[in-house]
């Protein structure tokens with residue numbers, strides 16, 4: 001009766017986890033591969049639990065099958081974890097190779113005498129390698145993506161590896177205890193499912209948590225990052241601008257805000273269609289994100305207009321940085337349809353100097369005004385708001401606008 005209850009509870013638990021993995025595979029296509037492997041692990045573990053308990057504790061007659069299923073479960077777990085972390089089975093040869101060695105030791109004939117001890121030692125050794133493999137090869141990827149929480153799904157591997165290592169040590173020091181592992185003991189057979197259920201529960205819950213955590217991070221990134229250009233979305237950039245202004249005010253640091261608009265973008269769309277326009281914007285966004293400093297921020301304000309936040313840069317110093325950025329754009333040779341001039345941008349900027357804080361609305365308005373002045377002055381130009389009076393005066397006299405490059 002005791003082992004029937006233990007088996008029932010174990011099967012219910014595995015069925016629930018199997019249903020969870022089935023839902024993950026159906027609802028999260030990008031996680032389908034690891035989810036299906038973890039689902040197969042539940043099936044293999046259920047067969048192991050049933051086989052274990054159905055013998056009333058006498059493991060000897062079914063030991064090869066029991067150990068084979070154990071190795072299959074461990075291999076599926078390793079493959080699922082590998083696929084989750086790396087996006088593919090990067091260590092497949094190792095997982096399947098170790099599994100094959102362990103299974104061969106279960107079924108191939110061995111020299112008489114210490115046959116049972118040898119089989120169990122090889123099996124436990126293979127099992128230990130499968131447990132330590134994810135910790136050794138997947139730890140760095142898990143920690144890079146999830147920080148210290150990346151240890152949670154690896155914890156079951158560590159716990160089980162300690163138990164297996166202890167049993168291997170016992171085999172080496174007391175090989176005579178091995179036959180007792182296969183004696184008839186229904187109570188021990190039922191109780192053995194308790195640690196199995198605990199470790200299995202920790203394993204499935206932690207990996208489910210990692211998958212849902214990844215989805216949350218992906219959703220947050222999608223809410224912040226423009227899918228086409230890789231720049232921040234407008235709302236995300238506004239939040240960064242508010243934080244940057246608050247930090248600049250608190251620390252007394254300067255900053256500059258720049259509006260950047262693609263010249264003659266309508267011509268690109270008219271001649272090559274919206275697909276050509278999207279390709280140009282994607283390439284431009286990549287150049288901007290790549291070329292800026294880690295402390296700077298780039299956002300897509302709308303359409304072909306981008307906005308840049310240059311922290312620690314006073315307006316008087318911004319021209320040199322923005323000119324370098326314009327050169328990077330020119331060197332990138334962003335593809336445009338035949339008949340269109342090489343892609344150029346018009347840039348307007350404004351900012352606050354140290355000890356002279358500015359609000360977001362004022363900076364946005366001033367940078368926008370400077371950008372429109374760059375457009376009106378002939379495009380392919382870089383103009384600061386503090387230069388507007390001089391730029392308009394010289395432009396009225398027929399001289400080129402300040403900062404003009406075309």
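At a glance:
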| read-out | value |
| --- | --- |
| Rounded FRET efficiency, nearest 0.05, which uses the C-beta distance separating residue 316 from residue 227 and R0 of 35 Å | 0.45 |
| Distance between the range 333-377 and the range 6-24 - C-alpha centres, whole angstrom | 58 |
| Residue order, fewest to most surrounding Cβ atoms within 10 angstrom, among 324, 267 | 324, 267 |
| Protection proxy ranking of 135-144, 148-157, 298-307 - average other beta-carbon atoms within 10 Å, highest first | 298-307, 148-157, 135-144 |
| Of all DSSP beta bridges in the chain, antiparallel share, percent nearest 5 | 85 |
| C-alpha long axis of helix 234-251 to longest principal axis of the chain, angle in ° | 80 |
| Burial order of peptide ranges 36-43, 64-71 (average beta-carbon count within 10 Å, highest first) | 36-43, 64-71 |
| Computed over the range 234-396: relative contact order in percent, which uses C-alpha pairs under 8 Å that are six or more apart | 30 |
| Rel. contact order, % - alpha carbon contacts under 8 angstrom, at least six apart, the chain | 12 |
| Helical mean residue ellipticity (222 nm; -39500 (n - 2.57) per DSSP H run of 4+; nearest 500) of the chain | -22500 deg cm²/dmol |
| Candidate values (1) 66, 20, 18; (2) 47, 31, 18; (3) 35, 31, 18, label of the one derived for semi-axes √(5λ) of the Cα gyration tensor in Å | (1) |
| Taking the C-alpha atoms of the range 234-396, convex hull volume expressed per residue in Å³ | 105 |
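Read-outs throughout are calculated quantities, based only on the coordinates presented, and are distinct from any laboratory measurement. Since this is a predicted model, take the numbers as computed values, not measurements. Every residue, glycine among them, receives a Cβ derived from its backbone with ideal geometry; neighbour counts consider all protein chains shown.
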